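*Asks:* One structure, pasted below without further comment.
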Amino acid sequence: MRHERGGTMVAELSIHRPTFGSLLHSDPAFFSNQEEVDDSSSKNSQTSSNMSPRYYNGSTPPSGEGSPYLSPWNQPSPYTKSPWVIPSPVNHSFSKNGLVGSLAREEGHVYSLAASGDLLYTGSDSKNIRVWNNLKEFAGFKSNSGLVKAIVIHGDKIFTGHQDGKIRVWRASSRNPSAYKRVGTVPTLKDYVKSSVNPKNYVEVRRHRNVLRIKHFDAVSCLSLNEDQGLLYSGSWDKTLKVWRTSDYKCLESIKAHDDAINSVVTGFDSLVFTGSADGTVKVWRRELQGRRTGHFLVQTLLKQENAVTALSVNQESAVIYCGSSDGLVNFWEREKHLSHGGVLRGHKMAVLCLASAGNLVFSGSADKSICVWRREAGGVHICLSVLTGHGGPVKCLAVEEDRESDEGDQHWIVYSGSLDKSVKVWRVSENAPEWRGYQSPRLSSSSPTQSKRRYHG
């Protein structure tokens, strides 16, 4: 995955959490009805159809109904009355931190983001990929299929993962940087036709239905790049992890990786690949030579729980893997301790939907409409610096870029957050913000306590 670095955690609280049903399939009614609804959807839904997102939301306090342009960095969180969420520190000396601006087009919920230099790419359920430059719309291109669930950038190519199970490849014109055209589809038509003539290339996905091994037959939910090895990884609701060569889009492997939908895949340190699934597991894969075959092999299962794993992020510098789940928790593991469990970050009252890391910071976006900012200290302790609020809907995706205007000795980051309120917000965050009342997360060595069974397809 392109540029992922940072870390965090909080005190154990005895509190009844709201239960979760299946969340965040495309449905505009999600925001028009905030009343409690019955969770009658299947716990293990494997379809890519747009089911209505549901969850029990008995006592959700308001979140960010005030002006979104008032910096939440300098305001207390609207969840201050809740013991589950930490309020933002009030410190007016950090005036450069907070909301920079908002990007909004009434064309669909924002499901994916990718940032590269001055450019920001946003994907939604409108079939459009928008390109923004310095908070202004710069370009756009449109696919023929449904919502854009994942975007990654590799050199001058943009890879997008879609609800129809396809991965599309785009490139800007050399003559006109604001004109983009599709230059490929993964898998290629040539490989598809070539594979289709051999019965051995088919796998049975359900009774009386066989599909080609090299093609996802359900939504592509996540993408990640290993640029050094020229590999693209795609995870899908069809439970498979596929490995593609970026030079010719050839499918090198198709792995039945999980027992339920894959919600996140990230490339990490030591050539490891991490996958997180609605089956509640986080798995570690390594590419190695075994016999005459070079492939990816399962080397470890980091987590096995009842709650769905919804997001993963790797801090390349500190070699820490973070995992968000539908119970609102963020678990993490550290390479220096042989990927032993480092602890739990507790900052959200609803599902964690996305994670991003940069420098010593980790950002967690949630269905509670907030973004928690955490800093990893020496020894692996994590401090909650702030809770960013202002979105009117669940925060579905995050991207982080280095702020090139950072002062020497005061590292700043530009954080982009996409939401199901159809907007993208841009934040400026300092790595040297003061600790919030010296609050630290406890060190934990045991696995998370057993929770009630919940499934989540992101």
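*Asks:* Normalised radius of gyration for segment 323-401, please: alpha carbon Rg relative to 2.2 N^0.38 Å, two decimal places. Walk me through the numbers on the way to the answer.
*Replies:* Working: Rg = 12.3 Å, N = 79, 2.2 N^0.38 = 11.6 Å.
Against the compact-globule rule of thumb, the ratio is 1.06.
*Asks:* Using a 1.4 angstrom probe on heavy atoms only, work out the carbon and sulfur share of the accessible area of segment 293-366 in %. Intermediate values should be presented prior to the final figure.
*Replies:* Numbers: 820 of 1870 Å².
About 44 percent, which is the carbon plus sulfur part of the accessible surface.
*Asks:* Still on this structure: Please list 168-176, 338-346 highest first by mean number of surrounding beta-carbon atoms within 10 Å per residue. Show your work: numbers first, answer last.
*Replies:* Numbers: 168-176: 14.2, 338-346: 19.7.
For the peptides 168-176, 338-346, the packing ranking is 338-346, 168-176.
*Asks:* Given LYS242/LYS283; LYS166/LYS369; LYS194/LYS215, which pairs have Cα atoms separated by over 23 Å?
*Replies:* Values: LYS242/LYS283 14 Å; LYS166/LYS369 29 Å; LYS194/LYS215 13 Å.
Going by Cα-Cα distance, LYS166/LYS369 fall outside the 23 Å limit.
*Asks:* Over segment 169-278, with every protein chain in place, what whole percent of the accessible area is carbon and sulfur at 1.4 Å, could you tell me? Walk me through the intermediate numbers first.
*Replies:* Values: 2360 of 5110 Å².
The computed percentage sits at 46.
*Asks:* What is segment 202-278 by shape, rounded, prolate or oblate, if you read a ≥ b ≥ c off the alpha carbon gyration tensor as root eigenvalues and call it rounded for a/c under 1.5, prolate for a/b larger than b/c, and oblate otherwise?
*Replies:* Working: a/c = 2.52, a/b = 1.46, b/c = 1.73.
In terms of gyration-tensor shape, oblate.
*Asks:* Within a Cβ distance under 9 Å of LEU147, other residues only, what is the Lys/Arg minus Asp/Glu net charge?
*Replies:* On the way: positive: LYS127, LYS149; negative: ASP125.
Counting the neighbours of LEU147, the net charge comes to +1.
*Asks:* Still on this structure, please answer the following. Please work out the average accessible area per residue across segment 337-408, using the 1.4 Å probe convention, and give it in Å². Walk me through the numbers on the way to the answer.
*Replies:* On the way: 1780 Å² over 72 residues.
Per-residue value: 25 Å².
*Asks:* Amide H of ALA311: which non-local residues (sequence gap of 5 or more, or other chain) have their own amide H closer than 5 Å, using H built in the peptide plane?
*Replies:* Under 5 Å from the amide H of ALA311: GLY324.
*Asks:* So for segment 194-313, taking the charge dipole from beta-carbon charges (+1 Lys/Arg, -1 Asp/Glu), which of LEU223, GLY291, ILE262 sits furthest toward the positive end?
*Replies:* Result: GLY291.
*Asks:* Okay, next question. Using only the alpha carbons of segment 117-169, what is the convex hull's orientation-averaged projected area in square nanometres?
*Replies:* Details: hull surface 13.9 nm².
Dividing the Cα hull surface by four gives the mean projection, 3.5 nm².
*Asks:* Still on this structure, please answer the following. Taking Cα centroids, how far is segment 334-369 from segment 259-294 in Å?
*Replies:* Between the Cα centre of segment 334-369 and that of segment 259-294, the gap is 19 Å.
*Asks:* Return the FRET efficiency for the residue pair VAL193, ARG286: r is the Cβ-Cβ distance, R0 is 30 Å, and the value is rounded to the nearest 0.05. Intermediate results must be reported in sequence, preceding the final value.
*Replies:* Numbers: r = 33 Å, r/R0 = 1.09.
Using R0 = 30 Å, I get an efficiency of 0.40.
*Asks:* For segment 149-290, with only Lys/Arg (+1) and Asp/Glu (-1) charged at the beta-carbon, what is the dipole magnitude about the Cα centre, in debye rounded to 20?
*Replies:* On the way: 24 positive and 15 negative charges, 135 e Å.
That gives segment 149-290 a dipole magnitude of about 640 debye.
The values are calculated or read from the model by the stated rules, or taken from the named source; none is laboratory data. The shown structure was predicted, so the numbers you read here are calculated from the model rather than taken from an experiment. Note that each Cβ is placed from the backbone with ideal geometry, even for glycine, and that neighbours are counted across all protein chains shown. Calculation scope for accessible area: heavy atoms of the full protein, side chains included, ligands and nucleic acids excluded. Shrake-Rupley method; radii C 1.70, N 1.55, O 1.52, S 1.80 Å.
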